[in-house]
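The values are calculated or read from the model by the stated rules, or taken from the named source; none is laboratory data. Here the structure is a predicted model, which is why all the values come from computation and not from measurement. Cβ coordinates were reconstructed from backbone atoms using ideal geometry, including for glycine residues, and neighbour counts include every protein chain displayed. For the accessible areas, the whole protein counts, side chains as well, though only heavy atoms, and no ligand, DNA or RNA atoms are used. Shrake-Rupley method; radii C 1.70, N 1.55, O 1.52, S 1.80 Å.
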Amino acid sequence: DLEGRVDTSDAWIVERTGIRERRVVTSGETTASLAIAAGAAAIKAAGITPDEVELLVVATCTADQQLPATSAAVQDGLGLSCGALDVDAACAGFVYALVTAAAMVETGRVGAALVIGAETLSRITDPDDRGTVVLFGDGAGACVLRPGRTGLLAFDLGCDGSLGGILEVPVGERYIRMEGSEVFRRAVRVVVASAYAALERGGLGPGDVDVFIPHQANARIVSAACDRLGIPRDRTVMNLDRYGNTSAASIPIALAEACEAGRLREGDVVLLSGFGAGMTWASALLRWEAA
Ligand code: COA
């Protein structure tokens, strides 16, 4: 499809990005509808009922409307009766949302929290721009944090707003504008530094990581980050060949797939690390707690 629309080739895309397939919403599907499906699946997997959810945080940079927040429609769609908010930290958004929700749960003032990453990037991707159209896809993933067992050992959140121009949708424009190689270069650097910062705060090193789940942007970025961290590929979850870059949805989709595939065992040390527009970056070190 893409070869027929822009000057590219399947071979180039696979070699330079690692992406073979992406998912795109059909008419009628929205960021909220994807989030509701993922949220319902997470509630079911956690073995709780919707009324036990006391906080909803939706990470997205592709809100369906400017107002109200996407989380409002998700709260209604899931039949929740709790507070709901959106977090926008682009592709680092899920980890930002996870850390925000975990902090609230750990105060003991809210019970279970539902954290969802959901995006419809196809709506803001220029179909005629070969530099972005081959990368971005749509999707959603979610997890439930439970009181007394959020599993969060340590985290690192960062932002360098002076780099906003390298990946943005300017005011009044419809589509993403991206300086791809600049984002690439900086992404490797910040993801490695952020992962090290979280590990250090947790008193652990790369050798302690059982499962590494990096943001799924480009297979070469993931490989470079793994090499610099010294985390072997067999401990790294990669699914971007099937989804492309789904921004805030990429880490929770990979987390859910790893969980369903039995790759996460009770007590495993799991490192999540993302980066994105802003520029933002975020890492979370977890001790895996099964449902
Ligand atoms: N098909 C064929 N050629 C393409 C292409 C495509 N889809 N996209 C770019 N090119 C071309 C460029 O125009 C350039 O051509 P030129 O040498 O004639 O100018 C050439 O390929 C090399 O461009 P470059 O940008 O150096 O390629 P790259 O290897 O860095 O790959 C990206 C481009 C966009 C795939 C890569 O930079 C990337 O993944 N960057 C990070 C993007 C990202 O992760 N963004 C989201 C962050 S959350």
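Observations
- Whether the chain is rounded, prolate or oblate, judged on the alpha carbon gyration tensor where a/c under 1.5 counts as rounded: oblate
- Annotation: average projected area of the range 1-99 is 8.5 square nanometres, based on the convex hull of Cα atoms across all directions.
- Solvent-accessible area of ARG235 with every protein chain in place, 1.4 Å probe, in Å² to the nearest 10: 80
- Net charge dipole size for the range 18-175 [Lys, Arg +1 and Asp, Glu -1 on Cβ; Debye, nearest 20]: 460
- Applying the criteria of a DSSP loop state and at most 11 other Cβ atoms within 10 Å to the GluC sites (Glu not before Pro) of the range 187-291 yields GLU266.
- Ranking by accessible area, most exposed first, for THR30, THR236 with a 1.4 Å probe: THR30, THR236
- The range 2-90: trypsin sites (Lys or Arg not before Pro) falling in loop per DSSP and having at most 13 other Cβ within 10 Å: ARG20
- Accessible surface computed residue by residue for the range 31-112, with neighbouring protein chains in place and a 1.4 Å probe, gives 42 Å² per residue.
- Extent along principal axes [Cα atoms of the range 1-45; Å; largest to smallest]: 42, 24, 10
- The stretch between GLN66 and ARG220 holds 52.0 nm of extra length on full extension. This uses 0.36 nm per residue minus the Cα-Cα distance.
- A viscosity of 1.306 mPa s and a temperature of 10 °C, combined with the Kirkwood radius over Cα pairs in Stokes-Einstein, give a translational diffusion coefficient for the range 70-116 of 140 µm²/s.
- Accessible solvent surface per residue of the range 138-291, calculated while the other protein chains remain in place, 1.4 angstrom probe, Å²: 41
- Separation between Cα centres of the range 197-214 and the range 108-169, rounded to whole Å: 20
- Among the trypsin sites (Lys or Arg not before Pro) found in the range 160-206, those both in a DSSP coil and sparsely packed, with 15 or fewer other Cβ atoms within 10 Å of their Cβ, are ARG174.
- Lys/Arg +1, Asp/Glu -1 at C-beta; the range 29-172 dipole; positive extreme among THR107, ILE166, CYS91: THR107
- Accessible surface of the chain, 1.4 Å probe, proportion on carbon and sulfur as whole %: 50
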